[in-house]
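*Asks:* Mind looking over this structure? Questions follow.
The values are calculated or read from the model by the stated rules, or taken from the named source; none is laboratory data. Bear in mind that the values here come from a model prediction, so they are computed numbers and not experimental data. Cβ placement follows ideal geometry from the backbone for every residue including glycine, while neighbour counts extend to all protein chains displayed. Quick note on the areas: whole protein, heavy atoms, side chains included, nothing else; ligands and nucleic acids left out. Shrake-Rupley method; radii C 1.70, N 1.55, O 1.52, S 1.80 Å.
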Amino acid sequence: GEELSQPTLKPLFFNGEEALREVARPDGLWNWALVGPDPDKLPLSGGGSGSIEEMQDHLGAQAISFGLLRMTFGTGHTAKTKFIYIHASNIDDENAHIFSMRERSQALAKAPLMERAVQKFHQAQVKVEITRAGECTLEHILEKLIKVSFHDQAFLTPEKFEEAMKAFREAHPVTQEEQEKEEEAVKLIEELAPAPENHEPEPEEQPPKEEEPTITKVRKKVRVFKPGDLVLVWSEHTASWNDDGEVVETLQEPSSHHGVQLNPGSMKVVYANGKRFKWVDPQHAQMLLKPSKRPPAPPFKSGNLEKETHSIFTEWHVRYFELSKGFLSWWKSYEDMSKGKKPTGAIPLLALSLRVEGNFFRFWTGATKGTMFSLGASSTEEANEWARAMMDHSHYVQAMRDHLENKVTEERSTSTRSADSGHHHRHHRGHLEEN
């Protein structure tokens, strides 16, 4: 399979066998991995080096999964390593999709096969069943482990576990730092989730009418932006510049809109992540619009793909996906999106790592903490098209993050130099073309 990823030093695996093998190694880079209920294919569902806490984040992502957790207690030659077999489901969670009795019994029938398949990688000292996310805790797992460990009970303490985790993180500082950086970046980007493509932006709430500009003899140079131009928009509401405007239309003829007369050259500007718009008269453009240095977004893409879910069986469900401004969002169907329903999921594609195998592509991102996604297209060409488009959007969102970080830095250094030197702008274009 072809692998496309942004340079990450984080160890990533794309199938259950690779991942479980890594967890089974006493010094493996991952310390947990979960797979879906298919003992032959072992479809990877999630994993990582963040141990129990990270696994807890993942549990809601799939209804049922099985796997291994490696726990070390203490450091040096006295360290003890234990392997725990995990059978996790959300059967008892309040938000569990109510499983029928038949489904529960089918899941249980699957369990022995899964246990045999997973324990081939490493014999586990204890089996822990987790039926709701709240049970995925150090206390719950330790309690089970202590019951079966007669000789080294004294060793199995939260303190010894933390000591070993600290040593593990120090041995892999890159992963730790990278994770923190990614979390910061995700926070910066999360607010930028775009409105669905067919969403009609609302007109801006009208501020009280300003005095009409008196047209003096000396006409000041009028700035007209053209459709596609990215602009900063002055917001009366927050009395600040918003860096998310795009000019979508420029009038050639005079016209009226909702009873307001518009002069030729008036510009329709969409802003607020595609949720609002306003018409700007060329006379006011100087006061209300400024050219933006943010990177241009790659083309929008949408369509149906199959998404892998691990419930009683590993199943594929068709979902409607949109790839827009660095985010991948999905709904149960195109109709749900058209009716204005909230997307089931929306992920910023920061730190994307992706592998294409035939019609399928699997990916990890910085925002999805320990959860891997598997999607299916109707052909290899289509899978590759989606993969390439996702990488473009990932580079965009990375460039956008740099842009926002630069802006924060610029705002901090109360700059005497003209911030308009265009330096950052060049930096971004370069960044986008290299990739």
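*Asks:* In the range 161-179, how many are at pLDDT 75 or above and open to solvent by 100 Å² or more (accessible area, probe 1.4 Å)?
*Replies:* Number satisfying all stated conditions: 2.
*Asks:* Please give the strands (runs of 3 or more DSSP E) falling wholly within the range 259-365 in which 1 or more residues are surrounded by fewer than 18 Cβ atoms within 10 Å (Cβ to Cβ). Even if it seems obvious, please write down each step before you answer.
*Replies:* Details: elements: 260-262, 267-271, 276-280, 289-291, 301-310, 314-324, 327-331, 345-348, 353-357, 360-364.
Strands (runs of 3 or more DSSP E) meeting the threshold: 260-262, 289-291, 301-310, 314-324, 345-348, 353-357.
*Asks:* Can you tell me how many residues within the range 221-258 are within 32 Å of the chain's Cα centre (by Cα), part of a strand (DSSP E or B) and either surrounded by fewer than 17 Cβ atoms within 10 Å (Cβ to Cβ) or modelled with pLDDT under 90 (or both)?
*Replies:* So the answer is 9.
*Asks:* Within the set of pairs 6 or more residues apart or between chains, which connect a residue that is more than 16 Å from V397 (Cβ to Cβ) inside the range 322-347 to a residue that is polar (S, T, N, Q) and buried (at least 20 other Cβ atoms within 10 Å of the Cβ) with Cβ atoms less than 6 Å apart?
*Replies:* Sorted first by the residue in the range 322-347, then by its partner, the pairs are P343/S329.
*Asks:* Got a number for residues in the range 123-159 being open to solvent by 60 Å² or more (accessible area, probe 1.4 Å) and not in a helix (DSSP H, G or I)?
*Replies:* 7
*Asks:* Mind counting the residues in the range 41-80 that are under 16 Å from T309 (Cα atoms) and charged (D, E, K, R)?
*Replies:* 1
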